[in-house]
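A.B. asks: Pasting a structure here, questions to come.
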6 protein chains.
Amino acid sequence: MTESTKNSDKNGLTHLNAAGEAHMVDVGQKAVTERSATATGYVEMQPQTLQMINDGNHKKGDVFAVARIAGIQAAKQTSQLIPLCHPLMLTKIAVELTAQPELSRVRIEATCKLAGKTGVEMEALTAVSVAALTLYDMCKAVDKSMTITGTTLVAKSGGRSGNWHA
Amino acid sequence: MTESTKNSDKNGLTHLNAAGEAHMVDVGQKAVTERSATATGYVEMQPQTLQMINDGNHKKGDVFAVARIAGIQAAKQTSQLIPLCHPLMLTKIAVELTAQPELSRVRIEATCKLAGKTGVEMEALTAVSVAALTLYDMCKAVDKSMTITGTTLVAKSGGRSGNWHA
Amino acid sequence: MTESTKNSDKNGLTHLNAAGEAHMVDVGQKAVTERSATATGYVEMQPQTLQMINDGNHKKGDVFAVARIAGIQAAKQTSQLIPLCHPLMLTKIAVELTAQPELSRVRIEATCKLAGKTGVEMEALTAVSVAALTLYDMCKAVDKSMTITGTTLVAKSGGRSGNWHA
Amino acid sequence: MTESTKNSDKNGLTHLNAAGEAHMVDVGQKAVTERSATATGYVEMQPQTLQMINDGNHKKGDVFAVARIAGIQAAKQTSQLIPLCHPLMLTKIAVELTAQPELSRVRIEATCKLAGKTGVEMEALTAVSVAALTLYDMCKAVDKSMTITGTTLVAKSGGRSGNWHA
Amino acid sequence: MTESTKNSDKNGLTHLNAAGEAHMVDVGQKAVTERSATATGYVEMQPQTLQMINDGNHKKGDVFAVARIAGIQAAKQTSQLIPLCHPLMLTKIAVELTAQPELSRVRIEATCKLAGKTGVEMEALTAVSVAALTLYDMCKAVDKSMTITGTTLVAKSGGRSGNWHA
Amino acid sequence: MTESTKNSDKNGLTHLNAAGEAHMVDVGQKAVTERSATATGYVEMQPQTLQMINDGNHKKGDVFAVARIAGIQAAKQTSQLIPLCHPLMLTKIAVELTAQPELSRVRIEATCKLAGKTGVEMEALTAVSVAALTLYDMCKAVDKSMTITGTTLVAKSGGRSGNWHA
């Protein structure tokens with residue numbers, strides 16, 4: 001029996017009650033455990049756009065730093081962005097950006113942790129998404145064809161469902 | 001000569017000054033024009049997950065409505081999420097979700113409009129991203145393998161660079 | 001023909017499209033006019049609770065000042081609280097609280113103004129509501145039976161529908 | 001001796017110090033207990049306005065869903081709206097809207113829960129108020145005479161003062 | 001060995017990793033202890049400006065109340081303002097403003113408390129800074145030469161580093 | 001006659017009405033002009049702390065970038081932090097940090113611009129203050145004696161009062 005079954009309606013979607021109305025799942029009776037989640041995503045771009053970022057990154061610039069900070073800040077705002085997310089007190093947020101020139105893209109990975117009653121998947125995914133949007137923003141003047149892709153959960157620990165990885 | 005050239009450093013990235021420091025581009029001298037941008041994205045999921053949403057959507061539920069509202073709200077917060085975005089007064093935000101069972105995914109499209117000095121691409125992309133995250137949140141208890149993919153700009157009008165579509 | 005007809009679906013509710021989906025009304029083609037709205041509301045309480053506030057107000061205290069500031073701040077956040085409200089740049093917000101001992105209540109009146117494309121009713125109503133909640137918060141330890149009542153629009157000017165008062 | 005006595009000044013208002021200055025009550029020494037609060041409120045409207053909502057609600061629409069989501073989101077922002085409220089980590093928020101055609105109004109009920117050091121009355125009342133404002137916003141084009149009324153606490157449990165209901 | 005050593009890179013700055021990238025320090029393994037911090041700051045102004053505030057303060061006005069409320073509200077938003085600060089649930093915020101006519105300035109002191117895993121220095125400093133800015137805002141029309149000065153930590157307790165005062 | 005006289009009460013403080021109640025000044029009748037403001041501030045620290053930042057800044061790090069981004073973000077939130085500030089749509093925000101080893105401090109300068117009805121002094125001062133707090137946050141583990149000092153307006157243009165500099 002998985003962690004989420006208890007709150008589910010017959011439909012299987014935990015955030016809908018029997019009338020199909022969205023609600024915030026009651027986590028009051030869940031145990032406080034150490035929880036962690038890691039998500040990744042990619043910003044695909046033209047090779048010359050990535051080259052510009054790399055120049056900036058190594059020689060003189062802020063591009064990855066701005067995206068990293070935006071991702072960290074967004075993770076802390078997750079419950080204000082995603083209507084049915086619980087407010088959480090994250091104990092760690094790390095966002096890492098890596099240029100992958102051979103794939104003409106930037107890889108973004110975010111890990112969030114807390115000791116709490118509910119998981120932090122959405123916080124990690126939100127950090128990835130907003131870091132990706134911020135990168136997109138800084139490059140959009142030179143490349144309108146960028147695409148944010150592959151945003152997904154790669155690992156999760158803690159909670160009733162225990163450890164999981166993709 | 002494109003709209004963005006004027007603010008670019010040699011690097012071509014408009015948000016970096018000559019020292020490689022990120023800054024908010026000065027748009028004070030740009031003309032106020034009618035601007036519009038449309039972005040799309042997808043949440044790929046297992047067929048049975050999409051089936052659950054569809055049941056909810058047509059028969060009894062709020063799933064798409066919650067994601068749509070979250071996307072609209074997020075568009076209004078774009079300048080607080082993306083550090084170098086200008087605060088804007090959007091005159092229109094529309095977010096549309098469509099189940100695509102044959103592709104086992106939900107398609108999200110967002111359009112933003114304003115009469116202003118800078119484009120609204122980031123607002124449309126932010127609306128898509130947060131609507132996708134919200135959909136993910138409501139389904140994650142039954143499907144950990146979902147992926148948000150293909151978030152990109154599909155059309156843009158207004159501003160010095162004129163009309164553009166992917 | 002009223003200002004709102006144009007955006008209405010057959011249903012008459014301007015924020016629903018033909019499919020019944022909520023959206024933010026497109027105000028891009030509306031004229032920029034001077035707009036103003038005034039709303040009122042009341043916090044009904046036990047006579048001794050009102051007496052305590054009055055003591056604080058005149059002799060030594062912050063009670064009305066805190067509620068007034070909270071109302072002003074809330075008016076500026078209206079578009080973040082009410083999903084389908086447009087972001088606006090208010091040029092004036094005034095919130096006034098008046099003890100009405102003979103009715104055992106506090107009267108709250110808020111007026112908002114801007115030069116813009118859409119009305120400011122929701123901003124005035126939000127200011128009244130949050131000022132009332134703040135007053136409630138400060139008095140709740142001594143009076144659990146307070147009720148916020150009569151929150152309504154009393155006057156409105158500007159826009160296609162012209163001047164209106166209750 | 002009630003829960004609030006300890007923090008009160010002579011005036012009886014817990015949020016004022018001896019000089020009449022507003023402050024945030026120190027709850028550091030309070031016990032962590034399971035706390036719950038339920039509030040209600042009403043949006044009174046013309047019969048035909050309620051009819052329009054009902055059409056939307058049952059046949060095709062989002063009206064109640066939007067108001068419910070807005071109420072949930074607002075509950076999470078309570079400490080940012082009400083100056084002297086403590087930040088809290090709610091474990092549950094539920095908002096329910098019910099059409100009451102015989103009374104020509106919509107009834108809103110919100111329940112909030114957490115395990116914490118301070119009560120959640122203000123969170124429940126804020127959810128009701130913002131859900132009501134959101135409903136008002138969606139109907140204001142067809143009915144300027146709506147009134148939000150009867151916003152009050154109906155039940156409370158947990159904390160030193162124990163269970164209470166109106 | 002101080003509290004912060006463990007998270008530091010060789011550089012000594014706890015918020016930079018070995019690559020010099022800023023991150024949010026992981027506090028997951030820190031003990032929950034009672035923590036308190038007190039900060040002060042000053043707004044220096046022309047004698048006649050302080051006189052105007054004093055008139056307002058004692059006879060008829062809100063000036064100090066508005067600044068106090070702004071400081072309290074800002075303390076609750078610290079983790080949204082300072083990118084690498086953890087979200088915290090403050091149990092107490094107190095902000096005090098004192099006119100010091102002999103020094104032609106207003107002294108601001110803020111104290112924050114919580115039971116948590118990380119200190120509250122930044123919350124106290126943020127409260128002081130925003131209270132000072134708010135005071136500045138209300139007086140800037142009559143005095144453009146005001147300066148906010150001496151914003152610093154004066155005392156701190158709790159955590160591994162124990163008690164400290166300036 | 002200065003720009004602010006019109007809104008002042010006899011007291012001279014523009015944000016107080018005749019009853020001494022704080023309010024947001026009505027700027028509806030003011031002309032839209034190009035406005036700019038520049039503010040500065042300093043973080044004084046021990047020489048070895050500044051040395052650590054400098055190492056980070058030049059060789060490998062994010063310290064100044066994080067502070068700069070925090071300042072930019074804060075400028076956009078000014079009207080939410082300072083109760084009586086109007087919401088504004090800044091067209092430019094620039095924040096610059098400079099190490100001044102000979103004075104054992106970091107100098108922060110922020111410039112904000114907009115075409116609007118009210119000045120942007122508070123936005124520039126808020127950017128400086130939050131950039132300073134962010135710098136403080138990243139260094140506090142190694143230096144508890146830092147002080148933020150000298151936060152003041154240095155230049156201002158636009159509006160009825162015309163150009164001004166300190």
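The values are calculated or read from the model by the stated rules, or taken from the named source; none is laboratory data. What you see is a predicted model; the values in this text were computed from it and never measured. Here Cβ is always computed from backbone atoms with ideal geometry, including for glycine, and neighbour counts include all displayed protein chains.
A.B. asks: Against the condition on the phi > 0 side of the Ramachandran plot and either touching a residue at least 12 places away in the same chain (Cβ under 8 Å) or out of contact with any Ser or Thr (no Cβ under 6 Å at 6 or more places or on another chain) (or both), how does residue A:129 come out, does it pass? Before you say what the answer is, go through the steps one by one.
C.D. replies: Working: on the phi > 0 side of the Ramachandran plot: no; either touching a residue at least 12 places away in the same chain (Cβ under 8 Å) or out of contact with any Ser or Thr (no Cβ under 6 Å at 6 or more places or on another chain) (or both): yes.
Against the criterion (on the phi > 0 side of the Ramachandran plot and either touching a residue at least 12 places away in the same chain (Cβ under 8 Å) or out of contact with any Ser or Thr (no Cβ under 6 Å at 6 or more places or on another chain) (or both)), residue A:129 does not qualify.
A.B. asks: Which one of F:70, F:65 is at pLDDT 95 or above and under 29 Å from residue B:30 (Cα atoms)? Give the derivation first.
C.D. replies: Numbers: F:65 fails: at pLDDT 95 or above.
After applying the criteria, what remains is F:70.
A.B. asks: Within the group A:15, A:86, which residue is closer than 30 Å to residue B:54 by Cβ and modelled with pLDDT of 90 or more? Walk me through it before giving the result.
C.D. replies: Details: A:15 fails: modelled with pLDDT of 90 or more.
Matching residue, one of A:15, A:86: A:86.
A.B. asks: Can you find a residue in segment A:156-164 that is in a loop (DSSP other than H, G, I, E, B), within 7 Å of chain B (Cβ to nearest Cβ) and crowded, with 20+ Cβ neighbours inside 10 Å? Spell out the reasoning first.
C.D. replies: Of the residues in segment A:156-164, the ones in a loop (DSSP other than H, G, I, E, B) are A:158-163.
Among the residues that remain, those that are also within 7 Å of chain B (Cβ to nearest Cβ) are: none.
Scanning segment A:156-164, I find no residue that is in a loop (DSSP other than H, G, I, E, B), within 7 Å of chain B (Cβ to nearest Cβ) and crowded, with 20+ Cβ neighbours inside 10 Å, so the answer is no.
A.B. asks: Could you please let me know if residue E:128 is over 22 Å from residue F:155 (Cα atoms) and in a helix (DSSP H, G or I)?
C.D. replies: yes
A.B. asks: Quick check: anything in segment F:136-153 surrounded by fewer than 24 Cβ atoms within 10 Å (Cβ to Cβ), of a type in the set (Ser, Thr, Tyr), without any contact (Cβ under 8 Å) to a residue 24 or more places away in the chain and under 23 Å from residue F:46 (Cα atoms)?
C.D. replies: Within segment F:136-153 (the criterion being surrounded by fewer than 24 Cβ atoms within 10 Å (Cβ to Cβ), of a type in the set (Ser, Thr, Tyr), without any contact (Cβ under 8 Å) to a residue 24 or more places away in the chain and under 23 Å from residue F:46 (Cα atoms)), the answer is no, since none of the residues qualifies.
A.B. asks: Determine whether segment E:60-74 contains at least one residue that is facing chain F (nearest Cβ under 7 Å), outside any helix (DSSP H, G or I) and buried (at least 21 other Cβ atoms within 10 Å of the Cβ).
C.D. replies: Yes, because at least one residue in segment E:60-74 is facing chain F (nearest Cβ under 7 Å), outside any helix (DSSP H, G or I) and buried (at least 21 other Cβ atoms within 10 Å of the Cβ).
A.B. asks: Anything in segment E:142-155 that is part of a strand (DSSP E or B) and more than 20 Å from residue E:65 (Cβ to Cβ)? List them, or say none. Even if it seems obvious, please write down each step before you answer.
C.D. replies: From segment E:142-155, those part of a strand (DSSP E or B) are E:147-155; that's our starting set.
Once the filter is applied, which keeps residues that are part of a strand (DSSP E or B) and more than 20 Å from residue E:65 (Cβ to Cβ), segment E:142-155 yields E:147, E:149, E:150, E:151, E:152, E:153, E:154, E:155.
Residues checked against (1) of a type outside the set (Ser, Thr, Tyr); (2) at pLDDT below 70; (3) closer than 24 Å to residue A:53 by Cα; (4) assigned by TED's automatic domain parsing to the domain that holds residue B:96:
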{"residue": "B:5", "(1), (2), (3), (4)": "no, yes, yes, no"}
{"residue": "B:23", "(1), (2), (3), (4)": "yes, no, yes, no"}
{"residue": "B:36", "(1), (2), (3), (4)": "no, no, no, yes"}
{"residue": "B:39", "(1), (2), (3), (4)": "yes, no, yes, yes"}
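A.B. asks: Determine which single condition residue E:39 fails, assuming it passes every other condition in (1) assigned to a helix (DSSP H, G or I); (2) crowded, with 24+ Cβ neighbours inside 10 Å; (3) not acidic (Asp, Glu).
C.D. replies: (1)
A.B. asks: Do you know which residues across segment D:20-42 are of a type in the set (A, V, I, L, M) and within 9 Å of another protein chain (Cβ to nearest Cβ)?
C.D. replies: Residues of segment D:20-42 that are of a type in the set (A, V, I, L, M), as a first pass: D:22, D:24-25, D:27, D:31-32, D:37, D:39.
Matches in segment D:20-42: D:22, D:24, D:25, D:27.
A.B. asks: Can I ask one more? Can you tell me how many residues in segment D:98-131 are surrounded by 24 or more Cβ atoms within 10 Å (Cβ to Cβ) and farther than 21 Å from residue C:144 by Cα?
C.D. replies: Number satisfying all stated conditions: 2.
A.B. asks: For segment F:134-141, does any single residue satisfy the condition of being assigned to a strand (DSSP E or B) and modelled with pLDDT of 90 or more? Steps first, answer last, please.
C.D. replies: To start, the set of residues in segment F:134-141 that are assigned to a strand (DSSP E or B) comprises none.
Within segment F:134-141 (the criterion being assigned to a strand (DSSP E or B) and modelled with pLDDT of 90 or more), the answer is no, since none of the residues qualifies.
A.B. asks: I've got another one for you. How about segment B:89-122: which of its residues are within 15 Å of the chain's Cα centre (by Cα), facing another protein chain (nearest Cβ under 7 Å) and assigned to a loop (DSSP other than H, G, I, E, B)?
C.D. replies: Of everything in segment B:89-122, just one residue is within 15 Å of the chain's Cα centre (by Cα), facing another protein chain (nearest Cβ under 7 Å) and assigned to a loop (DSSP other than H, G, I, E, B), namely B:90.
A.B. asks: While we're on this one: Any idea which residue in segment E:43-56 is farthest from the chain's Cα centre (by Cα), counting only those that are more than 7 Å from every other protein chain (Cβ to nearest Cβ) and surrounded by 21 or more Cβ atoms within 10 Å (Cβ to Cβ)? I'd like the intermediate steps shown before the answer.
C.D. replies: Applying the first criterion (more than 7 Å from every other protein chain (Cβ to nearest Cβ)) to segment E:43-56 yields E:43-51, E:53-54.
Then drop every residue that is not surrounded by 21 or more Cβ atoms within 10 Å (Cβ to Cβ), which leaves E:43, E:45, E:49-50, E:53.
On the way: E:43: 14, E:45: 20, E:49: 24, E:50: 22, E:53: 22 Å.
Taking the candidates together, the pick is E:49.
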